[in-house]
Amino acid sequence: MIAWGSALREWALANPEGFRLIYGDPIPGYEQPVDGPTDRAARRVCGGLNRLVAEVNPAGRPGAEWSDFPGDYVTKIRTEAPDIAPGTAGLALRVWGRIHGLVTLEIYGHLRSVSNDPAALQRADLLELVEQLRAS
């Protein structure tokens with residue numbers, strides 16, 4: 001999980017335009033092709049994170065059902081990680097928000113005024129996140 005989060009950050013810093021293309025605001029009037037390169041890239045990231053969360057905490061969030069998610073999202077999840085439980089998918093979504101949030105803040109320049117070492121900030125957050133996942 002730590003290596004995955006660090007790799008995402010390193011890729012985003014080396015490819016900020018690609019990060020913004022996949023995760024930034026949509027381009028007005030442009031509709032990306034279904035199963036196009038950005039869609040496939042986002043699914044690989046999502047599938048990889050779902051599998052990592054399942055390894056660390058296979059039970060995920062108790063009580064979650066597939067009906068808690070939009071159908072197209074379920075299809076994407078099940079394509080990349082067919083055996084994942086809905087509780088794990090829900091937990092992975094929360095983990096994604098946390099990891100993605102710090103990377104997004106850095107890419108868009110919002111960490112400059114609050115952190116002299118964004119890499120150390122992210123590493124500390126990833127270590128804490130893994131401990132929380134193991135404990136739950």
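The values are calculated or read from the model by the stated rules, or taken from the named source; none is laboratory data. These figures come from a predicted structure and were not determined experimentally. Positions of Cβ are backbone-derived with ideal geometry, glycine not excepted, and every protein chain shown enters the neighbour counts. Just so you know, the surface numbers come from the protein's heavy atoms only, side chains and all, with ligands and any DNA or RNA stripped out. Shrake-Rupley method; radii C 1.70, N 1.55, O 1.52, S 1.80 Å.
What the table below lists for this structure:
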| read-out | value |
| --- | --- |
| Cβ pairs under 9 Å, 6+ apart, first in region 61-75 and farther than 15 Å from Gly47 by Cα and without any contact (Cβ under 8 Å) to a residue 40 or more places away in the chain, second part of a loop (DSSP other than H, G, I, E, B) and open to solvent by 70 Å² or more (accessible area, probe 1.4 Å) | Arg61/Ser136 |
| Any chance Ile99 is within 14 Å of the chain's Cα centre (by Cα) and either part of a helix (DSSP H, G or I) or farther than 15 Å from Leu8 by Cβ (or both) | yes |
| Filter result for the condition that a residue is over 18 Å from Trp4 (Cα atoms), modelled with pLDDT of 85 or more and in a helix (DSSP H, G or I), over Arg94, Arg20 | Arg20 |
| Hey, Asn57 touching a residue at least 60 places away in the same chain (Cβ under 8 Å), surrounded by 15 or more Cβ atoms within 10 Å (Cβ to Cβ), within 19 Å of Asp125 (Cα to Cα) and not aromatic (Phe, Trp, Tyr) or not | yes |
| Selected residue (only one of Arg123, Arg134 is farther than 12 Å from Cys46 by Cβ and surrounded by 13 or more Cβ atoms within 10 Å (Cβ to Cβ)) | Arg123 |
| Odd one out for Glu31, checked against (1) closer than 24 Å to Leu127 by Cβ; (2) modelled with pLDDT under 80; (3) open to solvent by 60 Å² or more (accessible area, probe 1.4 Å) | (1) |
| Boolean, Leu105 is at pLDDT 90 or above, of a type outside the set (S, T, N, Q), out of contact with any Asp or Glu (no Cβ under 9 Å at 6 or more places or on another chain) and surrounded by fewer than 14 Cβ atoms within 10 Å (Cβ to Cβ) | no |
| Breaking point among (1) touching a residue at least 12 places away in the same chain (Cβ under 8 Å); (2) of a type outside the set (S, T, N, Q); (3) within 24 Å of Ala14 (Cβ to Cβ); (4) not in a helix (DSSP H, G or I), for Val114 | (1) |
| Condition met for Leu127 (touching a residue at least 12 places away in the same chain (Cβ under 8 Å), farther than 22 Å from Pro62 by Cβ and either outside any helix (DSSP H, G or I) or not aromatic (Phe, Trp, Tyr) (or both)) | yes |
